[in-house]
Amino acid sequence: FYTFPENGALRFGIGFTAPFGLATEYAANWAGRYQGLRSELTTIDINPALSYKVSEKLSLGAGISAQYADAELSQARFLGPGTPDGKSTVTGDNWGFGFNLGALLVPVPKTRIGLGYRSKIDQSVEGDLTVVSPTGGLLASSGAKAEVSLPETVYLGLAQGVGDRVDLLASVRWTRWSRFEELRIMFDNGLPDSVTEEKWDDTVTLSLGVNYRLNTNWLLRAGYARDESPVSETYRTVRIPDSDRDWFTLGASFKAESGMTLDFGYAYLSGDSASINESTVIAAPPTSPSVVSSNLMGTYDGNASIFGIQLQWPL
């Protein structure tokens, strides 16, 4: 949700977005249950911003982000041969803060160049660990904490008008995912840290699009993007079994005589096949006479459809 009042060259706006989010969930008895059952991250970003139109060719903007993060991680807990599994769950939340900068350049009529930067946001998520028996009884509990830096991003976009009806669009986005070296969860009560190597890579997303003005009321859109995944095959986990993906998009806008605009969008995402080979220790001395591990090998194939609708209403 965005809102902004116009006031000459200076404008103030505020946006509410969900910049990072994911959820994976598996059946309680699936083969990789010791690696993960449910993984969920929800972020809500509150972003007040100011922009100033320096001239007809240049506008500048800046804002701050107050970002709330809420996370849940669960997995099956091995309780011994022939014994039904227990379940361990870590939950936590936190507020983090960052900033963003932007510029819009119009060097010649019908040409717009946009540049944006969003800073990293350090999240120190604090919460609890609970371990329950197969019947739901509490076996253990502890405080828990994880520190994660959600990455900075740089955006560059170009819009070029062609005639009176067509706009050609292109953009590139760089994301510094290499900050995510490991997922380390620290516990109270002297429990050892839970550490998962991630070693994510920086990513680049390239996109192309076109707008076509059918008439004074209707604008049609189409686009394509190639979206790199930060996850490598070596360090892919069941929690985020991500892969590179293609986006194919269609959309339309209807503008009423009152100035109200309705936008409709559809995106189809096709992910590349992703192999996984993840091993985890599920029992070790002194609670077990020997080390017991679980190894999961397989291939993920995924796709998604996203539908969106947006309303713009001038006040």
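The values are calculated or read from the model by the stated rules, or taken from the named source; none is laboratory data. What you see is a predicted model; the values in this text were computed from it and never measured. Glycine also receives a Cβ, built like all others from the backbone with ideal geometry; neighbour counts cover every protein chain displayed. The accessibility values were calculated without ligands, DNA or RNA, using every heavy atom of the protein model including side chains. Shrake-Rupley method; radii C 1.70, N 1.55, O 1.52, S 1.80 Å.
Across the stretch 221-263, what is the number of residues that are closer than 17 Å to Ala304 by Cα, over 15 Å from the mean Cα position of the chain (by Cα) and not aliphatic (A, V, I, L, M)? Steps first, answer last, please.
First, the residues of the stretch 221-263 that are closer than 17 Å to Ala304 by Cα: 223-229, 240-251.
Now restrict to residues that are over 15 Å from the mean Cα position of the chain (by Cα): 223-226, 246-251.
Of the ones still in play, those that are also not aliphatic (A, V, I, L, M) are 223-224, 226, 246-249, 251.
Residues that pass the stated criteria total 8.
Which one is most open to solvent (accessible area, probe 1.4 Å) among residues in the stretch 45-85 that are hydrophobic (A, V, I, L, M, F, W, C) and under 20 Å from the mean Cα position of the chain (by Cα)? I'd like the intermediate steps shown before the answer.
Applying the first criterion (hydrophobic (A, V, I, L, M, F, W, C)) to the stretch 45-85 yields 46, 49-50, 54, 58, 60, 62, 64, 66, 69, 71, 73, 76, 78-79.
The next check asks that each one be under 20 Å from the mean Cα position of the chain (by Cα); those that pass are 46, 64, 66, 69, 71, 73.
Details: Ile46: 53, Ile64: 105, Ala66: 24, Ala69: 4, Ala71: 30, Leu73: 37 Å².
This residue is Ile64.
Of (1) closer than 30 Å to Ser141 by Cα; (2) open to solvent by less than 80 Å² (accessible area, probe 1.4 Å), Gly114 satisfies all except one. Which?
Just one mismatch for Gly114, condition (1).
Can you list the strands (runs of 3 or more DSSP E) lying wholly within the stretch 1-115 that have 2 or more residues being among the aromatic types (Phe, Trp, Tyr) and within 20 Å of Thr175 (Cβ to Cβ)?
Details: elements: 10-17, 21-25, 38-53, 58-77, 86-105.
So the answer is 86-105.
For the stretch 226-258: of the residues being under 27 Å from Asn215 (Cβ atoms) and assigned to a loop (DSSP other than H, G, I, E, B), which is least open to solvent (accessible area, probe 1.4 Å)?
Keep residues of the stretch 226-258 that are under 27 Å from Asn215 (Cβ atoms), which gives 248-258.
The next check asks that each one be assigned to a loop (DSSP other than H, G, I, E, B); those that pass are 256-258.
Values: Ala256: 24, Glu257: 166, Ser258: 89 Å².
The qualifying residue least open to solvent (accessible area, probe 1.4 Å) is Ala256.
Can you name the condition, by its number, that Leu60 falls short on among (1) within 24 Å of Pro314 (Cα to Cα); (2) out of contact with any Phe, Trp or Tyr (no Cβ under 7 Å at 6 or more places or on another chain); (3) modelled with pLDDT of 95 or more?
(2)
Within the stretch 118-144, which residues are closer than 27 Å to Pro230 by Cβ, open to solvent by less than 70 Å² (accessible area, probe 1.4 Å) and not in a loop (DSSP other than H, G, I, E, B)? Working first, answer last.
The first filter runs over the stretch 118-144 and keeps only residues closer than 27 Å to Pro230 by Cβ, leaving 118-127, 129, 144.
Keeping just the survivors that are open to solvent by less than 70 Å² (accessible area, probe 1.4 Å) gives 119-121, 123-125, 127, 129, 144.
Across the stretch 118-144, the qualifying residues are Ile121, Gln123, Ser124, Val125, Gly127, Leu129, Ala144.
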